[in-house]
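Everything below concerns the one structure shown next.
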Amino acid sequence: MVAVAPFHLILAHLQCREVIEMIQIRGLRKEFGDGTKALRGIDLHVERGQLAVLLGPSGAGKSTLLRCINGLVKATAGEIVVDGTGVHQLRHLEDVRSKVGMIFQQFNLVKRLMVIENVLCGRLARSNIFASCLKLFPPGDIEQALFCLERVGLAEKAYHRADQLSGGQQQRVGIARALAQNPRVILADEPVASLDPRSAERVMTILRDINARDGITVIVSLHNIDLATRYGGRIVGLRDGAVVLDKPGASLTKWDVERIYEAGYSDDDEMDCEQVRYAHA
Amino acid sequence: MPTPKQNCLNLQPIVPWFKNTRAALRRGAIAGILLLVYVWSARGAHLSLSELIQGLPGLADIVSRMVPPDFSILPKLLEPTVETLQISIWGTTLAILFTIPFGLAAARNISPHPVVYGVARFVLNATRSISEIIFALVFVAAVGLGPFPGVLALAFHSVGMLGKFLADSIENIDAGPVEALVATGASKWQVVVYAVVPQILPEFVTLCLYRWELNFRSATILGIVGAGGIGFELITSMRLFQYQDMTTILAVILVLVTAVDYISTFIRKKII
């Protein structure tokens, strides 16, 4: 445990920044039961309406960091404040979560439910618990779910079973589910890693559109550098559980990339080129 | 090119036994222990081929007295047969109702507390290990003769198996959708209804139908201890040495068990 300043002092300190900052992370550490140090002291502030890309190799701590933000993973030490609410305050956890939508690499839809039922899952936190367990929703919620599906271009699939959809479509349903929460923030954990390039492009375009039009703060973890530079307004490089880089996406240099991936990435890249050369020779 | 035929006289183990003496010794030891266990059990159980042979004439005598079946008692069998079916329906339904809370509590991934988990697992193991006939004896003593103690006996015994399988299938669900629902801020019951139930439902329905088949079979013998159903007719005709009636009853049981199997297979196919 790390000594934590009295909460009212922290609040006073935050008040001024809260207006512009959606997510404030200070000294975040996470050590798993087996001794793995996934996060080694992360300080990160994300402004309202920003689209930030977490870039890094697998095992860098991207997923853990995202899951700490909505409390799916309990931090070992450090402070996380989302939209003015501390995630460490367990009483408010469901509150924070309802304001934070999440998108997963494996989509995590309930396959045997209809698409619209999956989207309505995003409304559960604000639904009456008895009615929702009987699968009854207010008409407004159903209308909103349909609207969210329209946003991702899947309105006509609303009454299909989720497992009848392709991977790219399932991920768009995942986005619609997050949208149905009326979130302030969307966390996307490797949203395109299981998709073909075209579907990946479409999913990233939708995320950028949501960010630009609805002003929802988006944090998306990627390991594809090309996608990161094209979509990321801001790139946060993560390696071995620490932030090693933080700059606007457009200004990413080859040297930056090497710093994130060390020798691994550039070596592979050059080797591919050499193989091509040999093939032509 | 034709494949040369394998010479059956020139075969050898993948690893020659002398190269792996420890494995060979272990195999020999296992064979020896198994042999000892069988000999020991045979003595305890008075296994005797000569007694079986001596008993054959008696068996032939009974079988000869069992045929032809006396179908004149069929009208009399209608009521206990229907009762058997009714016992199995309610025994299974009550078991399913009891199973749901125990199954949820005994699934490690959604159980509210390790102590609750332990207690639920213990209850399920206990009821599973006690046969329905023993339960029937207890409930006949408690609530009196008739079909109702039979219903209770089936319900209590079935909970053990249904609950264990329900808990196991909950533990084997894909954790992804559960995580996704927790991430939306949904409460625990909402997560169960939306992420757990859809994943386990087909398996659980199949299981309940299978349990119904087993329960119907059990219901045919509950009458032997006075817990209702066709088993009572069976034991009565046996005690009165009316072997031809007995054949008829066995035939009715056979037909019904087959019918229940067929119905449950039909429902299962419709659902999945």
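Here are the numbers:
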read-out: Shielding by other protein chains, A:211-224, mean Cβ within 10 Å; value: 0
read-out: Restraint check, A:LYS30/B:LYS188; A:LYS157/B:LYS270; A:LYS62/A:LYS99; A:LYS74/A:LYS157; A:LYS37/A:LYS99, Cα-Cα greater than 32 Å; value: A:LYS74/A:LYS157
read-out: Among A:ARG239, A:ARG213, A:ARG40, residue whose mean-square fluctuation peaks in a GNM of chain A (springs only between Cα atoms under 10 Å); value: A:ARG213
read-out: Computed [θ] at 222 nm, deg cm²/dmol, chain A (DSSP H ≥ 4; -39,500 (n - 2.57); rounded to nearest 500); value: -13000 deg cm²/dmol
read-out: Chain B: most fluctuating residue of B:GLU171, B:GLU203, B:GLU179 per GNM, C-alpha cutoff 10 Å; value: B:GLU179
read-out: For region A:239-248, Karplus couplings with θ = phi - 60° (6.51, -1.76, 1.60), whole Hz, Gly/Pro x; value: 9, 6, x, 9, 7, 10, 6, 7, 7, x
read-out: Kirkwood Rh (inverse of mean 1/r, distinct Cα pairs), region B:73-271, angstrom; value: 18.2
read-out: Rg/Rh ratio calculated on Cα atoms of region B:24-69 (Kirkwood radius); value: 1.37
read-out: Gaussian network model of chain B, Cα within-10 Å springs - most flexible of B:HIS157, B:HIS46, B:HIS113; value: B:HIS46
read-out: Distant-in-sequence amide H partners of A:MET22 (H built 1.01 Å from N, under 5 Å); value: A:VAL46, A:GLU47, A:ARG48
read-out: Cut-off under 5 Å, modelled amide H: who pairs with A:ALA75 long-range; value: none
read-out: Sorted by Cβ neighbour density within 10 Å, fewest at the top, the residues B:ILE224, B:ILE14; value: B:ILE14, B:ILE224
read-out: Sequence of A:LEU238, A:LEU55 once ranked by neighbouring C-beta atoms within 10 Å, starting from the fewest; value: A:LEU238, A:LEU55
read-out: ³J(HN,Hα) computed for each position of region B:39-50 - Karplus, 6.51 cos²θ - 1.76 cosθ + 1.60, integer Hz, glycine/proline x; value: 4, 4, 5, 5, 5, x, 8, 6, 4, 8, 5, 5
read-out: Amide proton proximity set for A:GLY56, modelled H, under 5 Å, gap of 5+; value: A:LEU222, A:LEU238
read-out: Qualifying chymotrypsin sites (Phe, Trp or Tyr not before Pro) in region B:222-272, DSSP loop, other Cβ atoms within 10 Å at most 11; value: B:PHE241
read-out: Karplus-derived HN-Hα couplings along region B:236-243 (A = 6.51, B = -1.76, C = 1.60, θ = phi - 60°), whole Hz, x at Gly and Pro; value: 5, 5, 5, 5, 8, 6, 8, 5
read-out: Helix runs (DSSP H) in chain A reaching 15 Å along axis by Cα, Kyte-Doolittle at least -1.0; value: A:7-18, A:139-151, A:167-180, A:197-214
read-out: Residue exposure sequence - B:ILE53, B:ILE110 - by fewest surrounding Cβ within 10 Å; value: B:ILE53, B:ILE110
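None of the figures in this text is laboratory data; all of them are computed from the coordinates on show. This structure is a prediction, so every number in the text was calculated from the model and none was measured. Note that we place each Cβ from the backbone using ideal geometry, even for glycine, and neighbour counts take in every protein chain shown.
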